[in-house]
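So the structure is just underneath, and the comments pick up after that.
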2 protein chains.
Amino acid sequence: MGFWKSLFSPSDTAVAPQRPTTQPVGRVEPESRVVFSTERDLDLYELEELCDAVGWSRRPLRKVRKAIQHSFLVVSMWEQRGTKRRMIGFARATSDHAFNATIWDVVVHPDYQSRGLGKALMRYTLKKLRSEDISNITLFADPHVVDFYRRLGFILDPEGIKGMFWYPD
Amino acid sequence: MGFWKSLFSPSDTAVAPQRPTTQPVGRVEPESRVVFSTERDLDLYELEELCDAVGWSRRPLRKVRKAIQHSFLVVSMWEQRGTKRRMIGFARATSDHAFNATIWDVVVHPDYQSRGLGKALMRYTLKKLRSEDISNITLFADPHVVDFYRRLGFILDPEGIKGMFWYPD
């Protein structure tokens, strides 16, 4: 398994082995499964491709590398088929290693959306942060994913606490 | 000056030299001034006293030390009078060192509030983050300080982006 970690207990049906419907009849392909990694030594071009697929604007790879290096947690999600793998999801978190963490750049490839993989990615990320004894886990959610995070247990503006942003002029 | 940094240009009247009204008549005391530091080697008991003064619940010093150590930026604000100094404000930020920073634990001692020092503390913090080329500066504001941050240029829920929190059960 190397640094791979299979995340799902056999009872977890949310992320059953994937068998694409386009698979040619009569050809035997190894069954695919979804695995997670906290490895930071990622192929940044592969990550960029993933971010392109959801329409994010490109960022300088030099800065992406720095951000990954200085994130507290980096999670990538992969479809593994035999020895081949494809990056299908990503998330990372900044943190003070003690009290607070903030999750950024949560992405699932469009081809793999709507089958519970985003939820699985977030659950893995939360589990990892909790195992480091981080109690205050935060994020900034785009309007269309607020309900997604709410279903995962995130609370919107708890006790009236508001997310605020400052941008340079 | 050592690691001290005097922050205000002579034209900045927001933080004029402080002369407490309780000063005994006839006794010559050195004029006080407000200085900022990004030094991390702080007296944690002094910091705890400052946080006590605004009614924050106490946190284990071991974790506070770890959080300071792993913050991207730590800013303390001091009243300096001759060779004596007193911690009167504090703020820190987590960051990925590239894109995002999140400001936490902003505090000004009640005796020093309402004279522009919170604004000065935040401006210093923003200036430091900007000098590191961080473009997305965020925070989570309690309801009663939302307007304070708005006046500093922070935007509430920009484009509908919402702050969300996840707490352990």
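Label-point distances for B:L42 to the equivalent site in the other copies, using a point 7 angstrom along Cα→C-beta, read 3.2 nm when ranked shortest first.
In order along region A:122-134, the Karplus-derived 3J(HN,Hα) couplings, from 6.51 cos²θ - 1.76 cosθ + 1.60 at θ = phi - 60°, round to 5, 4, 5, 4, 4, 4, 5, 5, 5, 5, 9, 6, 7 Hz, and Gly and Pro are given as x. With 5 Å bins beginning at zero, the pair-distance distribution over Cα atoms of region A:29-169 amounts to 2, 8, 18, 22, 21, 16, 8, 3, 1, 1, 0 %.
Straight Cα distances below 15 angstrom link B:K162 to the aspartates and glutamates A:D105, A:D142, A:D147, A:D157, A:E159, B:D142, with same-chain residues fewer than 8 positions distant left out. In region B:41-87, a dipole from Cβ-located charges (positive for Lys and Arg, negative for Asp and Glu) runs towards its positive end, and of B:A67, B:L42, B:M77 it is B:A67 whose Cα lies farthest in that direction.
Spin-label model, A:D111/A:K84: points 7 Å from Cα along the beta carbon direction are separated by 1.0 nm. Residues in region A:76-86 carry Karplus couplings, in order, of 10, 10, 10, 8, 10, 9, x, 9, 8, 9, 9 Hz; the curve used is 6.51 cos²θ - 1.76 cosθ + 1.60 with θ = phi - 60°, and Gly or Pro positions show x. Taken one residue at a time, the phi angles of region A:99-105 give Karplus couplings (6.51, -1.76, 1.60, θ = phi - 60°) of 10, 10, 9, 10, 8, 10, 6 Hz. Gly and Pro are set to x. Counted by Cβ distance under 11 Å from B:H97, the other residues give a net charge of 0, where Lys and Arg count +1 and Asp and Glu count -1.
A short reminder: the numbers here are calculations on the coordinates, not readings from a lab. Since this is a predicted model, take the numbers as computed values, not measurements. Backbone-built Cβ (ideal geometry, glycine too); neighbour counts: all protein chains shown.
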